[in-house]
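Laboratory data are not the source of any read-out in this text; all were calculated from the coordinates shown. Everything quoted here is computed from the prediction, not taken from an experiment. We place every Cβ from the backbone using ideal geometry, glycine too, and count neighbours over all the protein chains shown.
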Protein chains: 2
Amino acid sequence: MSSDPGMPEARPPVVILSTPQLAENIGAVARVMANFGLSELRLVNPRDGWPQDRAWASASGANWPLEGATVFERVEDAIADLQLVYATTARPRELQLPILTPRQAAGELSSAAGEGLRTGLLFGGERAGLETADVALCSAVVTIPIDPKFRSLNLAQAVALNAYEWRMTVTDAPPPNFREGAPPADGAAMLGLFGHLERELEESGFFHPPEKTPNMVQNLRAMLSRARFTDQEVRTLRGVITALSRGRGKVLEKIAGRKTGEDEG
Amino acid sequence: MSSDPGMPEARPPVVILSTPQLAENIGAVARVMANFGLSELRLVNPRDGWPQDRAWASASGANWPLEGATVFERVEDAIADLQLVYATTARPRELQLPILTPRQAAGELSSAAGEGLRTGLLFGGERAGLETADVALCSAVVTIPIDPKFRSLNLAQAVALNAYEWRMTVTDAPPPNFREGAPPADGAAMLGLFGHLERELEESGFFHPPEKTPNMVQNLRAMLSRARFTDQEVRTLRGVITALSRGRGKVLEKIAGRKTGEDEG
């Protein structure tokens with residue numbers, strides 16, 4: 001996510017909706033665009049005109065793609081200033097165009113944007129999808145790997161998946177495997193934990209028959225190692241061991257006291 | 001997508017919605033599940049009860065996840081038979097759990113499912129998200145790489161992205177390669193372990209001050225969940241807890257016998 005100061009940040013693709021029907025869906029599209037850092041929305045021939053209050057109502061506060069949305073009569077006009085546009089459609093087309101997954105498409109759009117190209121993703125309306133003539137204006141087709149048994153994908157979902165894939169290409173690194181400031185404890189800390197546990201188990205009679213002790217010890221160590229405990233967690237576990245074994249002392253004293261008639265507890 | 005006839009197909013993760021509010025969103029979740037080949041839906045404590053007509057109305061014909069949906073009172077019950085459950089949440093948590101992208105999570109869930117494990121993805125309700133105590137029951141957290149400037153992600157979108165990533169792993173068909181040896185214990189076995197440990201710790205006075213108990217419990221649960229113990233390991237740990245807290249019967253009898261002058265051992 002850090003950007004090289006010498007490089008302009010790659011500009012996200014423009015989202016172009018061709019003949020969208022429901023204003024609610026346009027709002028939902030704005031919302032997912034905002035979720036993944038896209039902001040430029042273009043509408044081609046929206047069925048109910050534009051603007052529509054219902055779009056704002058369903059955008060959950062992602063108003064800026066709606067405020068900035070521009071309206072066109074034809075796809076040709078909406079993509080006129082863009083240098084690389086991909087058409088998102090689930091339908092097989094006779095057109096000889098490369099078919100990409102959203103992941104492949106995002107990678108290519110991201111590379112192009114990184115070189116300063118203006119990119120776009122074209123989506124069809126809810127009912128009719130994209131006209132073949134409009135797909136033919138694009139450099140490739142993006143097909144979401146949907147289950148052929150249930151193809152009815154919501155428009156905002158289609159935008160979301162592509163926007164998500166875009167964002168995956170621009171976020172630098174996968175998230176760290178553990179929370180910051182909490183690396184796994186070192187070997188000495190783990191050995192301290194093992195020694196503590198094993199002493200208490202020994203005292204409690206856990207290891208029997210005795211010849212099995214080495215195996216039991218090593219299994220316990222492996223399963224605890226696997227969790228990669230932090231230092232804090234090692235301290236917590238040592239507290240657990242102390243609490244449990246001190247509890248044993250009390251129980252023992254109670255039992256012994258009961259039997260002998262004394263009460264040392 | 002071709003399946004080896006000698007291999008059972010990897011069973012998709014169960015989708016668990018904790019305290020979902022709007023039936024429309026449950027329907028939208030069913031729709032995206034169907035889009036990407038998921039079918040098993042579980043609802044924990046749905047706000048407006050279940051079933052709800054509005055869910056069917058918004059599923060666009062993806063009725064089977066709704067027809068088959070099961071309802072639970074607690075997350076514990078909903079995951080009891082699952083062996084690997086990941087929690088989807090955008091919130092930073094104090095819990096020490098691995099943080100995965102949906103892509104990484106899908107890869108791991110897919111590998112686990114390929115080996116016959118029962119897997120699940122846990123999602124929080126629209127307003128409140130997941131309780132930390134519920135996240136602590138999971139082996140890892142899945143965080144969608146959302147733009148920090150606009151975090152309001154629709155529930156069905158969150159499910160869609162994870163379902164999409166699942167489907168990407170099965171259409172790409174990577175070889176199953178989760179972990180050698182025995183599978184992780186299921187949720188019920190882990191809850192048995194937690195209950196046993198917590199009862200003994202309670203008795204030993206470990207939880208103090210008392211108001212910190214819920215936090216301490218959930219930290220312990222998270223660190224133990226992370227290790228993905230097998231059934232055998234859960235039994236071993238329960239033996240460890242028993243030994244530490246009570247000692248083995250023979251030791252007790254011996255000590256008691258010594259004090260009273262009898263020898264029953």
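Given R0 = 41 Å, the distance between the Cβ atoms of residue B:215 and residue A:202 translates into a calculated FRET efficiency of 0.80.
Less than 5 angstrom separates the built amide H of residue B:44 from those of B:17, B:18, B:19, B:72, all sequence-distant by 5 or more or on a different chain.
Summary for residue A:187: label point 7 Å along Cα→Cβ; distances to the equivalent points in the other copies, ascending, 4.0 nm.
Sequence-ordered 3J(HN,Hα) estimates for the range B:221-226 from the Karplus curve with 6.51, -1.76 and 1.60 and θ = phi - 60° stand at 5, 5, 5, 7, 4, 4 Hz, glycine and proline given as x. Express in whole angstrom the spacing between the alpha-carbon centres of the range B:82-151 and the range A:7-40. Answer, in whole Å: 26.
For the pair residue A:104 and residue A:71, the difference between a 0.36 nm per residue extended length and the Cα-Cα distance amounts to 9.0 nm. Between residue A:171 and residue A:127, the distance separating the two model label sites (each 7 Å from Cα on the Cα→Cβ line) works out to 3.8 nm.
Using C-alpha pairs under 8 Å with a sequence gap of at least 6, the mean separation divided by the residue count of chain B gives a relative contact order of 22 percent. Of the residues A:99, B:241, A:16, the one with the fewest other Cβ atoms within 10 Å heads the list, and the complete ranking is A:99, B:241, A:16.
Take B:200-208, A:116-124 and order them by the average number of nearby Cβ atoms within 10 Å per residue, most first; the result is A:116-124, B:200-208.
Along the Cα→Cβ direction, 7 angstrom out, place labels at residue A:225 and residue A:81. What is the inter-label distance in nm? Taking the two extended label points, one gets 6.1 nm. Is the range A:102-147 best put as rounded, prolate or oblate by its Cα gyration tensor, with a ≥ b ≥ c the root eigenvalues, rounded for a/c under 1.5, and otherwise prolate when a/b is larger than b/c, oblate when not? Because a/c hits 1.5 or more and a/b fails to exceed b/c, the range A:102-147 counts as oblate. Taking 7 Å steps out from each Cα toward its Cβ at residue A:191 and residue A:242 produces label points 2.2 nm apart.
Give the residues of the range B:228-244 whose amide nitrogen is closer than 20 Å to a point set 7 Å from the Cα of residue B:11 in the direction of its Cβ. Residues B:228-232 qualify, since their backbone N sits under 20 Å from the label point. Helical content alone sets the calculated 222 nm signal of chain B at -13500 deg cm²/dmol, taking -39,500 (n - 2.57) per DSSP H segment of four or more residues and averaging over every residue.
Rounded to whole Å, the principal axis extents of the Cα atoms in the range A:59-168 read 37, 33, 32, largest first.
Tell me which residues come under 5 Å, amide H to amide H, from residue B:100 once H is placed; ignore anything under 5 positions away on its chain. Amide H neighbours of residue B:100: B:141, B:142, B:143.
Scalar couplings 3J(HN,Hα) for the range B:119-136, obtained by applying the Karplus form with A = 6.51, B = -1.76, C = 1.60 to θ = phi - 60°, are 10, x, 10, 9, 10, x, x, 4, 8, 8, x, 8, 6, 4, 4, 7, 4, 5 Hz; x denotes Gly and Pro. Pairs of Cα atoms nearer than 8 Å and 6+ residues apart set the relative contact order; for the range B:1-131 it is 34 percent.
3J(HN,Hα) couplings calculated from phi for the range A:76-82 with the Karplus curve 6.51 cos²θ - 1.76 cosθ + 1.60 (θ = phi - 60°) are, in sequence order, 3, 6, 5, 10, 4, 9, 9 Hz; Gly and Pro show x. When both bridge partners sit in chain B, DSSP labels roughly 10% of those beta bridges antiparallel.
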